[in-house]
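Asker: One structure follows; several queries about it will come next.
The values are calculated or read from the model by the stated rules, or taken from the named source; none is laboratory data. Since this is a predicted model, take the numbers as computed values, not measurements. Reconstructed Cβ throughout: ideal geometry from the backbone, glycine too, with neighbour counts over all protein chains shown. Side chains included, ligands, DNA and RNA excluded: accessible areas come from the protein's heavy atoms. Shrake-Rupley method; radii C 1.70, N 1.55, O 1.52, S 1.80 Å.
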Amino acid sequence: MQLFAEKYQCCGCTACKHICPVKAITMVSDEEGFSYPLIDRDICIGCGNCLKVCCLKNLNRFSSETESVIGYKAKDLSIRMESSSGGAFSMLCTYVISRGGVVAGACFDDSFRVVHRIADNLEDCAKFRGSKYVQSDLGDVYPEIGAFLRDSICVLFTGTPCQCDGLKNYLSQKKIPQDHLIVCDMVCHGVPSPMIWGEYLDFTGAAEGLTDYRFRDKRFGWHGDNITAIYADGKERSNTPKLKIYPTLYFRNYITRPSCGHCIYTNYQRCSDMTIADFWGIEKAFPEFDDNKGVSMILVNTPKGREIIDAVADAGEVWESSFEAVAQEQLERPVHFAEDRERFWSDYRAKGFGYIAEKYGHYDLYHRIRRRIVNLIKKYR
């Protein structure tokens, strides 16, 4: 049994691991820190379930064409300020929790690894808010969701498109009814390496006493990428040259999973009930709604998605938009890797994180000085 020939043919969704009836598959990290399924040939019975459940081998099984485009802003400003965009996700959580359901989303664990967890209250759901630019560890979330659905408990699952598709394929193969499942994916720029994230935390010293990390601190405005680390003693650091290393590596497309360069979900054929993202371009399409505190863009993909959006409409400002107004690169084509990506990984293996931080992460002397000047300008502007 061979699941894939090349690494770009696996997104790491874990559906194959959980569908295996004899537990012959484990997820093992490679030299870039991404998890891939490893089959124990001594246990495998050759049933082929792992091939049937693979979302990259069974394309468009659950795809829906986007029906409409929505702009959304939560009326509660505190919710918007704690969210990456306009607070649409928080309103979905309120909808589900108020009906006795549960929410599965990505959060930081105690070591600031990004993991998927299930919450049954709004306080825990709040941990799922905000962008987390790391591929999450799904753990046993798929079978846990299956158990809730068997008991007819409403479940909201949020994740990358491939995680959403993997879940739906898993549930379908297990013949678990999905009537009580709500799936919400995101417009994804690609998932970065958990290993590099861990190296970055160690290099910057951010992990020592860290109580919160914000990939996008909206106190500086929604339209910028502002990093903030908050510590147990109350101190905060924002946009320092060290803190900016990781987002620089990410947005220069050095540390993204190989499958992201071949992503099949970068279009309006979605595998979810709804898709959420930042409403980039709002300042041109609907400038009257842009207060620099965040606006959500929602793609409504199914009748179930439309029903839910209508149900949460009173908690926010909602307006119909268009495909032209929300055009984004990640809805048109996969991530384009840096041309020297292979050299980056070769340098990392040979010389370590400190070297790539300087060479590729703008932590050399020139960029450190430049970053400090930019921060001073922002401070006294």
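Asker: For LEU376 and ALA5 in one chain, what is 0.36 nm times their gap in residues minus the Cα-Cα distance, to one decimal in nm?
Answerer: Values: separation 371, 0.36 × 371 = 133.56 nm, distance 5.01 nm.
Extra length from LEU376 to ALA5 when fully extended: 128.5 nm.
Asker: Okay, next question. Accessible area per residue, 1.4 Å probe, Å², for the chain: what's the number?
Answerer: Numbers: 17300 Å² over 381 residues.
Solvent-accessible surface per residue comes out at 45 Å².
Asker: Determine the distance separating the Cα centre of segment 56-121 from the Cα centre of segment 276-332; give it in Å without decimals.
Answerer: Using only Cα atoms to place each centre, the spacing works out to 14 Å.
Asker: Quote the FRET efficiency, to the nearest 0.05, computed for SER172 versus LYS235 with a Förster distance R0 of 41 Å and r equal to the Cβ-Cβ distance.
Answerer: On the way: r = 49 Å, r/R0 = 1.19.
For SER172 and LYS235, the calculated efficiency is 0.25.
Asker: Taking segment 1-123, how many lysine pairs are there with alpha carbons less than 19 Å apart, if each pair must be eight or more places apart or span two chains? Walk me through the intermediate numbers first.
Answerer: Values: LYS7/LYS17; LYS7/LYS52; LYS7/LYS57; LYS17/LYS52; LYS17/LYS57; LYS23/LYS52.
The number of close lysine pairs in segment 1-123 is 6.
Asker: Provide the gained length on full extension for the span GLU317 to GLU65, in nm with one decimal, where the gain is 0.36 nm per separating residue minus the Cα-Cα distance.
Answerer: 88.3 nm
Asker: What is the antiparallel percent of DSSP beta bridges lying wholly in segment 72-161, to the nearest 5? Working shown, then result.
Answerer: Working: 6 of 10 bridges.
Bridges in segment 72-161 are about 60 percent antiparallel.
Asker: If each of HIS367 and ASP179 carries a label point 7 Å out from its Cα toward its Cβ, how far apart are those two points in nm?
Answerer: In this crude spin-label approximation the distance works out to 5.4 nm.
Asker: So for the chain, taking the charge dipole from beta-carbon charges (+1 Lys/Arg, -1 Asp/Glu), which of LEU149, TYR360, VAL295 sits furthest toward the positive end?
Answerer: TYR360
Asker: Further question: Quickly work out the GLU339-to-LEU122 label distance, labels modelled 7 Å from Cα along the C-beta direction, and quote it in nm with one decimal.
Answerer: With each label point 7 Å from Cα toward Cβ, the separation is 5.2 nm.
Asker: Note down the net charge around PRO21, summing +1 for each Lys or Arg and -1 for each Asp or Glu among other residues with Cβ under 15 Å from its Cβ. Each step should come with its number before you reach the end.
Answerer: Working: positive: LYS17, LYS23, LYS52, LYS174, LYS175; negative: ASP40.
Every neighbour counted, the sum reads +4.
Asker: Apply the a/c threshold of 1.5 to the C-alpha gyration tensor of the chain and tell me whether it is rounded, prolate or oblate. Don't skip to the answer; put the middle values down first.
Answerer: Details: a/c = 1.64, a/b = 1.11, b/c = 1.48.
Judged from the Cα gyration tensor, the chain comes out oblate (a/c at least 1.5, b/c at or above a/b).
Asker: How would HIS262, HIS336 rank on accessible area, largest to smallest, probe 1.4 Å? Don't skip to the end; give the middle numbers.
Answerer: Values: HIS262 100, HIS336 135 Å².
Most to least solvent-accessible, the answer reads HIS336, HIS262.
Asker: If we count every other residue with Cβ under 12 angstrom of GLN178's Cβ, Lys/Arg +1 and Asp/Glu -1, where does the sum land?
Answerer: Details: positive: ARG150, LYS168, LYS174, LYS175, LYS304; negative: ASP179, ASP273.
Value of the local net charge: +3.
Asker: Which value at 222 nm does the chain reach when only helices count, each DSSP H run of 4 or more adding -39,500 (n - 2.57), with the total divided by all residues and rounded to the nearest 500 deg cm²/dmol?
Answerer: Estimated from H runs of four or more residues: -8500 deg cm²/dmol.
Asker: Would you work out if segment 120-272 is rounded, prolate or oblate? Take a ≥ b ≥ c from the square roots of the eigenvalues of the alpha-carbon gyration tensor; rounded if a/c is under 1.5, else prolate when a/b is larger than b/c, oblate otherwise. Don't skip to the end; give the middle numbers.
Answerer: Details: a/c = 2.26, a/b = 1.65, b/c = 1.37.
Because a/c hits 1.5 or more and a/b exceeds b/c, segment 120-272 counts as prolate.
Asker: Continuing with this model, one more query. Which residue, PRO334, PRO21, PRO287, tops the fluctuation ranking in a GNM of the chain built on C-alpha contacts under 10 Å?
Answerer: PRO287
Asker: For ASN58 and ASP40, compute 0.36 nm times the residue count separating them, minus their Cα-Cα distance, and round to one decimal in nm. Mind dumping the intermediate values first?
Answerer: Working: separation 18, 0.36 × 18 = 6.48 nm, distance 2.32 nm.
So the extension gain works out to 4.2 nm.
Asker: Something else: How far apart, in nanometres, would the label points at GLU324 and LEU77 be if each is projected 7 angstrom from Cα along the Cα-to-Cβ direction?
Answerer: Result: 3.4 nm between the two label points.
Asker: Additional query: Work through the residues other than LYS242 whose Cβ is under 10 Å from its Cβ and net out their charges, Lys, Arg +1 and Asp, Glu -1.
Answerer: Values: positive: ARG237, LYS244, ARG368, ARG371; negative: none.
Local charge sum for LYS242: +4.
Asker: Using Cα springs under 10 Å in a Gaussian network model of the chain, which residue among ASP185, ASP151, ASP347 shows the largest mean-square fluctuation?
Answerer: ASP151
Asker: Considering only DSSP beta bridges with both partners in the chain, what is the antiparallel share in %, to the nearest 5?
Answerer: Numbers: 36 of 48 bridges.
The antiparallel fraction comes to roughly 75 percent.
Asker: CYS20 accessible area, nearest 10 Å², 1.4 Å probe?
Answerer: Accessible area, nearest 10 Å²: 20 Å².
Asker: Kindly rank 228-236, 248-256 from highest to lowest mean number of other beta carbons found within 10 Å of each residue. List each step's numbers first, then the result.
Answerer: Working: 228-236: 13.2, 248-256: 22.7.
The densest-packed peptide leads the list: 248-256, 228-236.
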